[in-house]
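Reviewing the structure listed below.
The values are calculated or read from the model by the stated rules, or taken from the named source; none is laboratory data. All values reported here derive from a predicted model rather than from experimental measurement. Cβ sites come from the backbone with ideal geometry, for glycine too, and all protein chains shown count toward neighbours.
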Amino acid sequence: MGSNVVFYAMYNDDDVLKDGAKKLVAKGVKVSEVFSPFPIHGLDPIIGLKETRLGIMAFIYGLTGLALALIGMRYIMITDWPMNIGGKPNFSFLENMLAFVPIIFELTVLFAAHAMVITYFLVNKTIPGMPAQNPDPRTTDDRFVMELRLSENSKFSEKELEEMLMETGIVELDLKHIK
Amino acid sequence: MHKEATIREPLVLGHKTYHQVTEDVCKPIEGKAPKTWYILFAIAAIIGVYGIGCILYLLGTGIGTWGLNKTINWAWDITNFVWWVGIGHAGTLISAVLLLFRQKWRMAINRSAEAMTIFAVFMAGIFPLIHMGRIWVAYWVMPLPNQFGSLWPNFNSPLLWDVFAISTYLSVSLVFWYIGLIPDFSTIRDRAKKPVAKKIYSMLSFGWSGRAKQWSRFETVSLVLAGLATPLVFSVHSIVSFDFATSVIPGWHTTIFPPYFVAGAVFSGFAMVQTLMLVMRKAYNLEAYIHTKHIEYMNIVIMATGSIVGTAYITELFISWYSGVEYESYAFFNRATGPYWWAYATMMTCNVLSPQLMWFKKLRTSLSFTFVIAIVVNIGMWFERFVIITTSLHRDYLPSSWSMFYPTHIDIGIFVGTIGLFFVFFLLFTRYFPVLALNEVKTILKSSGQSYKDGTAKTPAFSIEEQHLADVKVKPSITNETIVSSVQEETKTAPVQKAVDPITDPVIDPALAKIVTSLGSTDATKKDDLKELTGLDAALEDKLNKIGILTFSQIANINPTADLGLLTAYLGNAGSQANLLAWKLEAEEKLKNDNN
């Protein structure tokens, strides 16, 4: 016992939590998680979260959609069955491509949007039936919880961490021992 | 925290805390539905079921049950389709385009506007599907491998582009809407008391925990989806307009169609949002979140897009004459003066004239006027599609084929039925879903909330010292020392709690002082006993006296149309707009009796 203590420090204001996090991080404390009812802007760099790469993924998915649409249109409308309109069969992809722009655009968006959202659900672990992991039901209402782990802050003692947290304007402190 | 210029009107009226936002939004979901909800739901359901009956009859009997004929082969079906798709444009426009432009006022309305979008697109989708006649082979519009060899749908056709545009739009809007709903569902989940509700909402919330990383991803996904949805919104109605514009029918064969259809769609969509919002804000007591300013902003959008539509109508008329194409000129001359002149006149009045009234601030900030105009615009936009579709077709090249369109009861039944079904969906949404993006509203509370802008609310909620002494509880204490310290803290709690009360020592806000001076001057000798007014207790009287409100005449001078939010913010819950007005009336009564 002792090495694996989790601190759940509760705040009732996002700015207080942010200031607190700033102070703690300046002292060399590692903040392992923050649970909040809405996004706290400017918190991510303080607690050392990297920017998400979902945007890049969306771009790649969009390119996939674009490529599939181009290949599909070429195969369906040019190679497999060159449709004959007014005696002018579709023999050239480039010359007929303009008519396929709407479809190509829609498929690009379709792929980018849905594949990104699926990725988002998977990396977030938000999937139907997943249990919620917020430490207190009030964190989806008006409370903000900062999670510290003793194991990640081995240079401080349990008591030191507790004292430092107390100075940041918390309203509740919950300690959990995990094996 | 993002600071906002004080000159900007607040987006959330009165004093709201984060918890209050949750309460206000969750109340209609957790409480019992009012009687009117059941009545409206029953009416909508009956109409919807009648519509489904008509659809089933049509599917069993054939498209001949519509009033179509050889000349007019598209009429109400496509009119209704385009009308519904148009309505379905506002939601994603509000949430996507306004997100990219960082318009914070969208947050109060985007959730329900998106719901409206999705349900409207459902309704729109019904029409082309049943128009296929054999709905059970509807999947043939998809490029699926089949037993007919190289049989693919024709990707040169705008009708097929429509299939892709609308299904992409519907699915992306749905996903966008749901992404935003997940954190709000988690709020309801964590508040739910009944096990069944808890179970359902925890399924719906996908186990959302509100971790910092989740929120960071949430914001990125919302932004990227908004970026993707923005061109999508414009593409959908452009493609719908191609259904007409790529044909060679005079009256349809117009290059102006795509931008004009998109503007018209936004126009009608916002009108429908207004119609729904004005009722919803009242029914669910959301006046503090969706107030006159929001309605005014939407009216400005209606005015702008209405003007674009008006310009397009006039350009169309001009070009038909200027082109020198006989058929084209006749099509437009016939629209305005032929047998369908009344439809054209309705369209012109409702869509061109009525939105111009919004130039007057008095009119565009009037809620009842807005409601009337919103309905008028909805009617006008239906007629626009009817005029474009039917009047262009009813004069064939061969005069012997000229004809008129008369809707059958099936035409009417299906159209009215979709309105019923739409409201069935929308009413269910308002009953079980958070109608306001509550987590988003919380993010703008400090920058755009009235009490925060006035400085009457304390941010942070308590000062750090007060808070620390007030109620720090160390739950499972490990050492005896902490127990001792927490006990010591508890003993200090009582006196500190009092200091926490933000209004014990008010510094009178200049805006508040201005309101007080507008009520007329007075001196302390003429002081009335304000406690005589119902519900006004000694503490409130004290507060009123402190800011200089001493007499009944001052209270009678309260201007009911003015912004009383400041007073409410100062007085707290007891000083709500309703109470203030009740006191005003009572004070007037008292003054009258005194004079007699």
### Query
Of the conditions (1) closer than 29 Å to B:MET277 by Cβ; (2) at pLDDT 85 or above, B:ARG102 fails just one. Which one is it?
(2)
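Does the range A:140-155 hold any residues that are closer than 16 Å to A:SER32 by Cα and of a type in the set (Val, Ile, Thr), and which are they? Give the derivation first.
Going through the range A:140-155, the residues closer than 16 Å to A:SER32 by Cα turn out to be A:144-155.
Listed by number, the list holds a single entry, A:VAL145.
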### Message
Between B:TRP76, B:TRP37, B:TRP66, which is under 30 Å from B:TYR289 (Cβ atoms), in contact with a helix residue (DSSP H, G or I) (Cβ under 9 Å, 6 or more places away or on another chain) and in contact (Cβ under 8 Å) with a residue 60 or more places away in the chain?
### Response
B:TRP37
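Let's see how each residue does on (1) closer than 26 Å to B:VAL266 by Cβ; (2) in contact with a Leu (Cβ under 7 Å, 6 or more places away or on another chain); (3) surrounded by 19 or more Cβ atoms within 10 Å (Cβ to Cβ); (4) without any contact (Cβ under 8 Å) to a residue 60 or more places away in the chain:
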| position | (1), (2), (3), (4) |
| --- | --- |
| B:ASN299 | yes, no, yes, no |
| B:GLY310 | yes, no, no, yes |
| B:TYR313 | yes, no, yes, yes |
| B:LEU317 | yes, no, no, yes |
| B:TRP321 | no, no, no, yes |
| B:GLU326 | no, no, no, yes |
| B:TYR330 | no, no, no, no |
| B:GLY338 | no, no, no, yes |
### Message
I'd like to know if the range B:25-38 contains one or more residues that are farther than 26 Å from B:ILE239 by Cβ, within 14 Å of chain A (Cβ to nearest Cβ), part of a helix (DSSP H, G or I) and touching an Asp or Glu at 6+ places or on another chain (Cβ under 7 Å).
### Response
no
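For residues that are more than 9 Å from every other protein chain (Cβ to nearest Cβ) and of a type in the set (Asp, Glu), tally how many sit in the range A:148-174. Quick ask: steps written out before the conclusion?
Start the filter on the range A:148-174 by keeping residues that are more than 9 Å from every other protein chain (Cβ to nearest Cβ), which leaves A:148-157, A:160-161, A:163-165.
Checking the rest, the ones that are also of a type in the set (Asp, Glu) come to A:152, A:160, A:163.
Matching residues across the range A:148-174 total 3.
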### Task
Identify, by number, the condition in (1) among the hydrophobic types (A, V, I, L, M, F, W, C); (2) at pLDDT 70 or above; (3) surrounded by 17 or more Cβ atoms within 10 Å (Cβ to Cβ) that B:ALA582 doesn't meet.
(3)
### First in the range B:534-552 and within 14 Å of B:GLU586 (Cβ to Cβ), second anywhere and part of a loop (DSSP other than H, G, I, E, B) and basic (Lys, Arg), Cβ under 8 Å, 6 or more apart
B:THR551/B:LYS527
### Task
Looking only at the range B:48-62, decide whether some residue is within 25 Å of the chain's Cα centre (by Cα) and touching a residue at least 40 places away in the same chain (Cβ under 8 Å).
yes
### Summary
Flagged in the range A:16-33 as part of a helix (DSSP H, G or I) and facing chain B (nearest Cβ under 7 Å), in numbering order, are A:VAL16
#### Entry: the range B:246-288, residues that are hydroxyl-bearing (Ser, Thr, Tyr) and part of a helix (DSSP H, G or I)
B:TYR260, B:SER268, B:THR275
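To keep it simple, each residue is scored yes or no on (1) at the interface with chain B (Cβ under 9 Å from one of its Cβ atoms); (2) at pLDDT below 85; (3) under 30 Å from B:LEU170 (Cα atoms).
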{"residue": "A:ASP14", "(1), (2), (3)": "yes, yes, no"}
{"residue": "A:PHE35", "(1), (2), (3)": "yes, no, no"}
{"residue": "A:PRO45", "(1), (2), (3)": "no, yes, no"}
{"residue": "A:ILE56", "(1), (2), (3)": "no, no, yes"}
{"residue": "A:THR64", "(1), (2), (3)": "no, no, yes"}
{"residue": "A:ALA67", "(1), (2), (3)": "no, no, yes"}
{"residue": "A:MET73", "(1), (2), (3)": "yes, no, yes"}
{"residue": "A:PHE91", "(1), (2), (3)": "no, yes, no"}
### Task
Could you list all residues from the range B:80-102 that are surrounded by fewer than 24 Cβ atoms within 10 Å (Cβ to Cβ) and either in a helix (DSSP H, G or I) or in contact (Cβ under 8 Å) with a residue 60 or more places away in the chain (or both)?
B:ASN80, B:VAL97, B:LEU98, B:LEU99, B:LEU100
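In the range B:307-358, which residues are of a type in the set (Phe, Trp, Tyr) and part of a helix (DSSP H, G or I)? So that I can check it myself, show each step before the final result.
Of all residues in the range B:307-358, those of a type in the set (Phe, Trp, Tyr) come to B:313, B:318, B:321-322, B:327, B:330, B:332-333, B:340-342, B:344.
Residues satisfying the conditions are B:TYR313, B:PHE318, B:TRP321, B:TYR322, B:TYR327, B:TYR330, B:PHE332, B:PHE333, B:TRP341, B:TRP342, B:TYR344.
Can you tell me which residues in the range A:1-28 are among the β-branched types (Val, Ile, Thr) and surrounded by fewer than 20 Cβ atoms within 10 Å (Cβ to Cβ)?
Initially, the range A:1-28 is screened for residues among the β-branched types (Val, Ile, Thr), giving A:5-6, A:16, A:25.
A:VAL5, A:VAL6, A:VAL25, listed by residue number.
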### Message
Under 6 Å between Cβ atoms, which residue pairs at least 6 apart in sequence (or on different chains) link something in the range B:257-282 that is without any contact (Cβ under 8 Å) to a residue 60 or more places away in the chain and in the same structural domain as B:PHE371 (by TED's automatic domain parsing) with a partner that is surrounded by fewer than 22 Cβ atoms within 10 Å (Cβ to Cβ) and hydrophobic (A, V, I, L, M, F, W, C)?
### Response
B:PHE257/B:ALA245; B:TYR260/B:ALA312; B:ALA263/B:ILE308
#### Entry: Count - residues of the range A:120-143 that are out of contact with any strand residue (DSSP E or B) (no Cβ under 7 Å at 6 or more places or on another chain) and either assigned to a loop (DSSP other than H, G, I, E, B) or not hydrophobic (A, V, I, L, M, F, W, C) (or both)
16
### Task
Give the residues of the range B:213-249 that are surrounded by fewer than 22 Cβ atoms within 10 Å (Cβ to Cβ), under 30 Å from B:ASN73 (Cα atoms) and more than 9 Å from chain A (Cβ to nearest Cβ), sorted by residue number.
B:PHE234, B:ALA245, B:THR246, B:SER247, B:VAL248, B:ILE249
### Any pair with Cβ under 8 angstrom, 6 or more apart, that starts in the range B:581-596 at a residue that is in the same structural domain as B:LEU536 (by TED's automatic domain parsing) and ends at one that is exposed (fewer than 10 other Cβ atoms within 10 Å of the Cβ) and modelled with pLDDT of 70 or more
B:ALA582/B:THR534; B:TRP583/B:THR534; B:GLU586/B:THR534
### Message
Please go through (1) within 14 Å of another protein chain (Cβ to nearest Cβ); (2) over 30 Å from B:GLY31 (Cα atoms); (3) aromatic (Phe, Trp, Tyr) for B:PHE176 and return the number of the only condition it doesn't satisfy.
### Response
(2)
### Query
Can you name every residue in the range B:517-535 that is at pLDDT below 75 and aliphatic (A, V, I, L, M)?
B:ALA524
